[in-house]
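Peer 1: Just passing along the structure, written as structure tokens.
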Amino acid sequence: MKPELYQEIVLKEDWEEFNLHRGDIATLIDFVPSPTGGEDGAILEVFNVRGEAIALVTVLVSSIEGLPPDD
């Protein structure tokens, strides 16, 4: 099941090209279809510890999951 838009998500794998790592938390902004018919993407806004936006990236939907309510 896809996480809901504008919710915090957690990365399930590393994305070295964006300097993001498994366990990092971001906000899900939108979903985008693959232009080649492959897996859809998820647009994420990434923040630093001060709450400042530091990146806007697109990763595969399978590499994110909703943040559990007890985390």
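The values are calculated or read from the model by the stated rules, or taken from the named source; none is laboratory data. Everything quoted here is computed from the prediction, not taken from an experiment. Ideal geometry is used to build each Cβ from the backbone, glycine not excepted, and the neighbour counts take in all protein chains shown. For accessibility, only protein heavy atoms count, side chains too; no ligands or nucleic acids. Shrake-Rupley method; radii C 1.70, N 1.55, O 1.52, S 1.80 Å.
Peer 1: Can you work out which of the residues in region 15-45 that are under 11 Å from the mean Cα position of the chain (by Cα) and in a loop (DSSP other than H, G, I, E, B) is surrounded by the most Cβ atoms within 10 Å (Cβ to Cβ)?
Peer 2: Restricting to residues being under 11 Å from the mean Cα position of the chain (by Cα) and in a loop (DSSP other than H, G, I, E, B), the top hit is Asp24.
Peer 1: Looking at region 61-70, can you tell me whether even one residue there is within 10 Å of the chain's Cα centre (by Cα), open to solvent by 60 Å² or more (accessible area, probe 1.4 Å) and in contact (Cβ under 8 Å) with a residue 40 or more places away in the chain?
Peer 2: Yes, the conditions are met somewhere in region 61-70.
Peer 1: So if I check each of Pro3, Pro69, which one is out of contact with any strand residue (DSSP E or B) (no Cβ under 8 Å at 6 or more places or on another chain) and not acidic (Asp, Glu)?
Peer 2: The match here is Pro69.
Peer 1: Return the pairs, sorted by first residue and then second, in which the second residue is open to solvent by 90 Å² or more (accessible area, probe 1.4 Å) and not polar (S, T, N, Q), the first residue lies in region 1-25 and is closer than 15 Å to Thr58 by Cβ, the beta carbons are less than 8 Å apart, and the residues are 6+ apart or on different chains.
Peer 2: So the pair list comes out as Leu11/Arg22; Glu13/Arg22.
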